[in-house]
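Step one of this worksheet: look at the structure below.
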Amino acid sequence: MADVPRADPSGEEDPQLTSLLAELVVKAGRDRPVPAMLEVQRLQLELARLDRNIAQARGSSEGDVSALATRRGEVKREFDAAYARALEETGE
């Protein structure tokens, strides 16, 4: 299997993210890509990354949880809108 780039530049493994990436690789091999769903999946990965960053920030005195939470809210709104578009486009 080809090397999959890490979504987290820190190099730390995230079991949930690893599982999601594996699922996406399998789906990519059998499904015709739908651009709207690819955007949903990209935003899902971004949400997972922000969740990890928030957890790390809570565990250290250097993290800015407020800014991360604000960004997560923005990405969540983007995710919800993209998901609605994808459902419309795919008829699901």
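In this structure, Glu62 qualifies as among the acidic types (Asp, Glu) and at pLDDT below 90. Residues in region 24-48 that are over 27 Å from Ala69 (Cβ atoms) and either in contact (Cβ under 8 Å) with a residue 12 or more places away in the chain or in a helix (DSSP H, G or I) (or both): Val25, Val26, Lys27, Ala28, Gly29, Arg30, Val34, Pro35. Counting the residues of region 1-33 that are surrounded by 14 or more Cβ atoms within 10 Å (Cβ to Cβ) and at pLDDT 70 or above gives 5.
The values are calculated or read from the model by the stated rules, or taken from the named source; none is laboratory data. Small disclaimer: the values here were computed from a predicted structure and weren't measured. Because the Cβ atoms are built from the backbone with ideal geometry, glycine has one as well, and the counts that use them run over all protein chains shown.
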